[in-house]
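The values are calculated or read from the model by the stated rules, or taken from the named source; none is laboratory data. As the structure is a computational prediction, the values presented were derived from the model and not from experiment. Here Cβ is always computed from backbone atoms with ideal geometry, including for glycine, and neighbour counts include all displayed protein chains. With ligands, DNA and RNA removed, areas are computed over all heavy atoms of the protein, side chains included. Shrake-Rupley method; radii C 1.70, N 1.55, O 1.52, S 1.80 Å.
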Amino acid sequence: MPYTTNDIRRVEEKWQKYWAEHKIFRAEMDAKKEKYYVLEMFPYPSGKIHMGHVRNYTIADVIARYKMMRGYNVLHPMGYDAFGQPAENAAIKRGVSPSEWTYKCIDDMRAGLRRMGFSYDWDCELATCDASYYKWNQWIFTKMFENGLAYKKGSPVNWCPSCETTLANEEVIDNACWRCKNQVIQKDLEQWYLKITHYSESLLEDLKKLGSWPERVVAMQENWIGKSFGADIYFKVKGTEDVITVFTTRPDTIFGATYVMLAPEHPLVKKISKGMSQEKAVLAFIEKAANTSKSLRMSGDARKDGVFTGGYAVNPVNGEAVPIWIGDYVLMEYGTGAIMAVPTHDQRDFEFAREHKLPMRVVVQDPANPNVTPEQMTKAFEDQGVLASSKQFDGTPNEMAKQMISEWMSANEMGRVSVHWRLRDWLISRQRYWGAPIPMIYCKTCGIVPVPEKDLPVELPKNAPITGEGGSPLAKVKEFVEVKCPACGQDAHRETDTMATFFDSSWYFLRYCDAHNDKEAFDKAKVAYWMPVDQYIGGIEHAILHLLYSRFFTKFLKDLGLVSCDEPFTRLLTQGMVLKDGEVMSKSKGNVVDPDEVIGKFGADTLRMFILFAAPPEDQLEWNPAGLEGNWRFLNRVWNTVENRYSSDVGRQTSDVSRLTSNQMDAEDKKLEFERNAAIKKVTEGMEGGFKFNTAISAVMVLMNAIDKYISSTPGVGEVRKQGLLNEALETVVLLLSPFVPHMAEELWQMMGKADKSIAFISWPVFDEAALKTDTVKIAAQVNGKVRGEFTVPRDADEATLRSIILIDEAVLRHMGGKEIRKFIVVPNKLVSIVV
RNA sequence: GCUGGAGUGGCGGAAUGGCAUACGCGUCGGUCUCAAAAACCGAUGUCCUUACGGGCUUGUGGGUUCAACUCCCACCUCCAGCACCA
């Protein structure tokens, strides 16, 4: 009977039920067994699962199932990143509560995940919107507060007018909100921050430990953390005691500084320009800068704008008085908010100086053009050269001068060596409802007081009005806001902001290790056993945000003594996108393929196989219905071949009969044995060497082709002992396929009379190196680099033997043209290269 | 601009110094059938040649080597991230 759509539903449902009922994938800590923690980035529950989820989770599932068959104690959990804005939007639009909407979505997702047959330990399922989870969010937050890593400050923040909430720097992409894509504006607000910069150094340094992460992810994090080495240099404001500290990465160019430029927000600006004729213009410029959105101000093609303050600063190295300007290309948030401008050796300064007719001086000579004057330059010279007009440093190569000048300035109190970072502290508070309340209380007497652990969780009130109008909905719930101060008992009020959802996902991998603990966030011993995550799988879009935050949390929790690893994720695989017609599948483009429809027609196994076979996991995957059907045909072939064999009396009886031994085998038998062992080797190496699922599957296809050939063309295939050999080959096919197509593998394994337990508990097959060593090998013969013949020769034949075989071949001799042999190179069992 | 990645048949892709195009898709031909579908078998880089054969071919140009998709140098194109970060 052929494999039909009905068979698929029956078989897949049967095994999904079996796995669930027998808790086949339950993970228990067992110190005697080596652990393997496979984790995929948990989904935001916004509806049903889509192809992106299918791909991500299928990759993880194959790894989990493979590692289990290799004897590891595998932890493979699943949960839901369940707080966030879509739930609130649904509430506003449809009047359902965010909670109701979210839990409905979770149910839909769970059903979709079960239909795919993923090997999760459902006992540690979690949802971040459960009070039992976010209680520990709040606890971690109070620990951060106690350690000075959570603090409140007023400053300009990124504000999304559409979402009506603040955003972290990491959440602003191309000056737009990462979620709704609307333009982000700046707003002055008092907000909660997490001091991620406390870990700048180790977040950067420990990237070196992540050798098996994709290079680009490491590079992106390096860029984001952005460590710059240079010097702080002190410029006195002429006629005052005030000092402007500038930061530069080019202390070698200090003698070429012809003006100083401050950010419009710099605290000294108003003081310097006070009473000057320029004061009005300066104030107007500050006003303008404050009202221009950061996006406009920062856009790369903007003309460089600025005004003179009327003041002068003294260059400490030569006593020169240089004008102080303010300009919109200097940012208060980076460095010291002040720069020294060296127009000849910095392109931005060059453009600004040309525009405003400021002086220039060459202090690094271009080796190709040493006598160029500033007037002749068309752009700044930013390459290597030797110093000029720099007093005692003249003639010094500029790279060397960087350190020499820094040290000299240090010694003479003109400046100091310094390091600045691009990474800023993480803005964590959001003026939204559907998130974990920040567990803080404001008391007139005691100030900011964290909610004591015994009073956690601070639960979200169910009756908050969700209207979509500005401000946190929690602020409108009187019973929530009004509390007694935990310290002094007087009237006080609660913080009404909630945490950014990235807080929730920064430690969920720890909670999975001990998901139901109601006494603590997690048991230290369990986390010590399971962590770090051995293999993490998810989308590249989290290369900075989630991965950086999780690394930060791990370092903090390690400092608290709760976690023993430095880094949470040992290996990272970023899977490629799923495309249709060359574009990412999305609802707005209307090109989505619903996994459910595919499962209904071809089954979850076919879908899994297609997704693994069509492209390497890191690459983009183009949806191809014909390819899907090709995989369906292959699975049918396997099914039919196994069914034919084991439904016959011969096939069944043979399962107990020992197969042919090596010396009983004829050439065809040996060929089958070779292919069987070659397939095991190829698949195993593909799994171990970077999860090459596409080639692993192709290796099984090759074996299946060999089996079909053996059945149809081998004389004597009806002999019982030959059938033993054949059965073993088929068993190998089923075992090798089982991580990829687990339902069918279980069913066939049972059909083969093997199933006294799940195939998940069967050991991964091992290959026999001896079976791969055939007696003869095919080698190619090259003449002057071109292949001119193919020969079957004994394995490990020596040069003399090869000469005697090859040098009588007509085609080879013809191409040698009777010329003398200059070289005769033998690559054992591969080829012979003859040079004439 | 900086950083990272990628360029191989009609298509997805394989091969990391040793027979380029495994495996799959598609296409063409065949078997079975009244017929079609399914299934199965065979062919399929490209050019010249009736054929036998031979030339060319992994983005481009050079180099190293008996041998290069693979290593080195220069360049082109595409994708992604960052970007007035001093």
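Here are the numbers for the structure shown:
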read-out: Within chain A, percent of DSSP bridges classed antiparallel, to nearest 5; value: 75
read-out: Long-range Cα-Cα pairs in segment A:507-663 (distance over 20 Å), rounded percent; value: 68
read-out: Listed pairs A:LYS152/A:LYS181; A:LYS288/A:LYS357; A:LYS35/A:LYS671; A:LYS271/A:LYS357; A:LYS135/A:LYS526; A:LYS270/A:LYS476 exceeding 29 Å between Cα atoms; value: A:LYS35/A:LYS671; A:LYS270/A:LYS476
read-out: Spin-label proximity, A:LYS462 to segment A:127-149 - amide N less than 16 Å from point 7 Å beyond Cα toward beta carbon; value: A:130-132
read-out: A:LEU572 long-range amide H proximity, modeled H, under 5 Å; value: A:TRP213, A:TYR536
read-out: Dipole magnitude (debye, nearest 20) for segment A:794-836, charges at Cβ of Lys, Arg, Asp, Glu; value: 160
read-out: Cα-projected label distance for A:THR661 with A:LEU772, points at 7 Å along beta-carbon direction, nm; value: 2.5
read-out: Normalised alpha carbon radius of gyration of segment A:741-811 [divisor 2.2 N^0.38 Å]; value: 2.02
read-out: Average accessible area per residue (Å²) across chain A - probe 1.4 Å, nucleic acids and ligands excluded; value: 44
read-out: Segment A:461-561: mean projected area of Cα convex hull, nm²; value: 9.9
read-out: Dipole moment magnitude, nearest 20 debye, segment A:376-504 about Cα centre, only Lys, Arg, Asp, Glu C-beta charged; value: 280
read-out: Kirkwood-Stokes translational diffusion coefficient of chain A, alpha-carbon pairs, 4 °C, 1.567 mPa s, µm²/s; value: 40
read-out: A:SER712-A:ASP107 FRET efficiency (beta carbon distance; Förster radius 35 Å; 0.05 resolution); value: 0.10
read-out: Residues of segment A:422-451 with amide N under 16 Å of a point placed 7 Å along Cα→Cβ from A:ASN147; value: A:426
read-out: Total formal charge among the other residues, if their Cβ is under 12 angstrom from that of A:PHE740, Lys/Arg +1 and Asp/Glu -1; value: 0
read-out: Calculated FRET efficiency for the pair A:ARG633/A:ARG416, C-beta based, R₀ 56 Å, to 0.05; value: 0.20
read-out: Which listed pairs, of A:LYS670/A:LYS778; A:LYS187/A:LYS227; A:LYS238/A:LYS304; A:LYS93/A:LYS462, have C-alpha distances above 24 Å, in listed order; value: A:LYS187/A:LYS227; A:LYS238/A:LYS304
read-out: Separation between Cα centres of segment A:5-52 and segment A:501-570, rounded to whole Å; value: 21
read-out: Angle between chain A longest axis and helix A:279-291 axis [Cα atoms, degrees, rounded to 10]; value: 30
read-out: Extended-chain gain in nm, criterion 0.36 nm per residue less alpha-carbon gap, A:LYS830 and A:ALA321; value: 175.6 nm
read-out: About the Cα centre, charge dipole magnitude for chain A (Lys/Arg +1, Asp/Glu -1 at Cβ), debye; value: 400
read-out: Net length gained if the chain between A:ALA219 and A:GLN750 were fully extended (0.36 nm per residue, minus Cα distance); value: 186.3 nm
read-out: Estimated FRET transfer efficiency when R0 is 41 angstrom, pair A:TYR442-A:GLU583 (beta carbons, to 0.05); value: 0.25
read-out: Residue among A:ALA770, A:CYS565, A:SER418 farthest towards the positive dipole end of chain A, charges placed on Cβ; value: A:SER418
read-out: Folded to 0 to 90 degrees: helix A:742-751 orientation relative to chain A principal axis, Cα; value: 20
read-out: Using alpha-carbon coordinates, inclination of helix A:347-356 to the longest axis of chain A, degrees; value: 30
read-out: Computed lengthening from A:ASP594 to A:ALA487, 0.36 nm per intervening residue step minus Cα-Cα distance; value: 33.0 nm
read-out: Model label zone, A:ALA290; criterion: amide N under 13 Å from point 7 Å along Cα-to-beta-carbon; scope segment A:149-188; value: A:156, A:187-188
read-out: Chain A - percent of accessible surface contributed by carbon and sulfur, probe 1.4 Å; value: 51
read-out: Spin-label pair A:ARG814/A:LYS181, simplified geometry with 7 Å Cα→Cβ offset, distance in nm; value: 6.4
read-out: Segment A:91-156 versus segment A:408-446: alpha-carbon centroid distance in Å; value: 26
